[in-house]
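The values are calculated or read from the model by the stated rules, or taken from the named source; none is laboratory data. Worth saying up front: this structure is predicted, and the values here are computed from it rather than measured. Ideal geometry is used to build each Cβ from the backbone, glycine not excepted, and the neighbour counts take in all protein chains shown. For accessibility, only protein heavy atoms count, side chains too; no ligands or nucleic acids. Shrake-Rupley method; radii C 1.70, N 1.55, O 1.52, S 1.80 Å.
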Amino acid sequence: HPLRDACREKSMLIGQLSAVGMPAGLGWLAARFPGQSVSFLAVPLSNRENRTIGVLFLAKSAVETAFSSEQAAFVNALSGTLAVAIDNQRLMRAQKALLDAVIRVVAGAIDAKSPYTGGHCQRVPALTMMLAEATDAAAEGPLASFHMDERDRDELKIAGLLHDCGKVTTPVHV
């Protein structure tokens, strides 16, 4: 299988697949080029730790010319940029998950500190988001022009969770 082989060998593979006996998992390729042999180029995408995180697979009808050395060189250079982009996206998701976990721990610590206001740091963001969504949904009236995107929602939720973070250092009796 060309995708597996590119991963194993950690190098670009250029080849041709026959219309008859297309490898398992490449049925979409046979559907795209019915009854035709296919020229392919498969490049493993490696992250900073040199672990394979995917394969860039390009295919075209074998009726056309095979991939040229210039095309292969371009795709090989492009594959490095694609691998970095994929790796960065994964790192950003992990960083956001870590930040969310830290914020929840801080909010939980604030709630746990006071027997009088326990749960307050969980209720405020929930109510804030309900109000914000209702405002965002307003189709008429003075709030009709108010709209939030995903980033606005994330920022508002974080603000709601951390609105009382000063209480961490404030004595309970105050």
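The condition (being surrounded by 14 or more Cβ atoms within 10 Å (Cβ to Cβ) and either within 30 Å of residue 49 (Cβ to Cβ) or in contact (Cβ under 8 Å) with a residue 60 or more places away in the chain (or both)) is satisfied by just one residue among 106, 124: 106. Of the residues making up region 15-72, just one is among the charged types (D, E, K, R) and part of a strand (DSSP E or B), namely 60. Checked against the criterion of being out of contact with any strand residue (DSSP E or B) (no Cβ under 6 Å at 6 or more places or on another chain) and closer than 21 Å to residue 87 by Cβ, region 10-28 has at least one qualifying residue.
Considering (1) at pLDDT 85 or above; (2) open to solvent by less than 70 Å² (accessible area, probe 1.4 Å), the lone condition that residue 69 does not fulfil carries the number (2).
Considering only region 42-92, state which residues are among the small types (Gly, Ala, Ser) and in contact with a Phe, Trp or Tyr (Cβ under 8 Å, 6 or more places away or on another chain). Of everything in region 42-92, those that are among the small types (Gly, Ala, Ser) and in contact with a Phe, Trp or Tyr (Cβ under 8 Å, 6 or more places away or on another chain) turn out to be 42, 59, 61.
Identify the residue in region 13-49 that is of a type outside the set (A, V, I, L, M, F, W, C) and touching a residue at least 40 places away in the same chain (Cβ under 8 Å) and, among all such residues, is surrounded by the most Cβ atoms within 10 Å (Cβ to Cβ). First the steps, then the outcome.
Just the residues of region 13-49 that are of a type outside the set (A, V, I, L, M, F, W, C), to begin with: 15-16, 18, 21, 23, 25, 27, 32, 34-37, 39, 44, 46-49.
Filter once more, keeping what is touching a residue at least 40 places away in the same chain (Cβ under 8 Å): 16, 47.
Details: 16: 12, 47: 16.
Here the residue is 47.
Please verify whether residue 83 is open to solvent by less than 70 Å² (accessible area, probe 1.4 Å) and farther than 17 Å from residue 10 by Cβ, treating the condition exactly as stated. It is false that residue 83 is open to solvent by less than 70 Å² (accessible area, probe 1.4 Å) and farther than 17 Å from residue 10 by Cβ.
On the stretch given as region 134-151, residues that are open to solvent by 60 Å² or more (accessible area, probe 1.4 Å) and either at pLDDT below 90 or under 18 Å from residue 124 (Cα atoms) (or both) total 1. Residue 77 meets all of the listed conditions (1) within 30 Å of residue 19 (Cα to Cα); (2) in contact (Cβ under 8 Å) with a residue 60 or more places away in the chain; (3) not charged (D, E, K, R) but one, namely (2). If I filter region 1-26 down to residues being within 16 Å of residue 53 (Cα to Cα) and not charged (D, E, K, R), which single residue comes out as modelled with the highest pLDDT? Looking at the filtered set, the residue picked out is 12.
Being assigned to a helix (DSSP H, G or I), small (Gly, Ala, Ser) and either open to solvent by 70 Å² or more (accessible area, probe 1.4 Å) or over 30 Å from residue 55 (Cβ atoms) (or both) narrows it down to one of 97, 159, so name that one. Give the derivation first.
Details: 97 fails: either open to solvent by 70 Å² or more (accessible area, probe 1.4 Å) or over 30 Å from residue 55 (Cβ atoms) (or both).
On inspection, the qualifying residue turns out to be 159.
Checked against (1) under 29 Å from residue 93 (Cα atoms); (2) assigned to a loop (DSSP other than H, G, I, E, B); (3) hydrophobic (A, V, I, L, M, F, W, C), residue 103 passes all but a single condition, namely (2).
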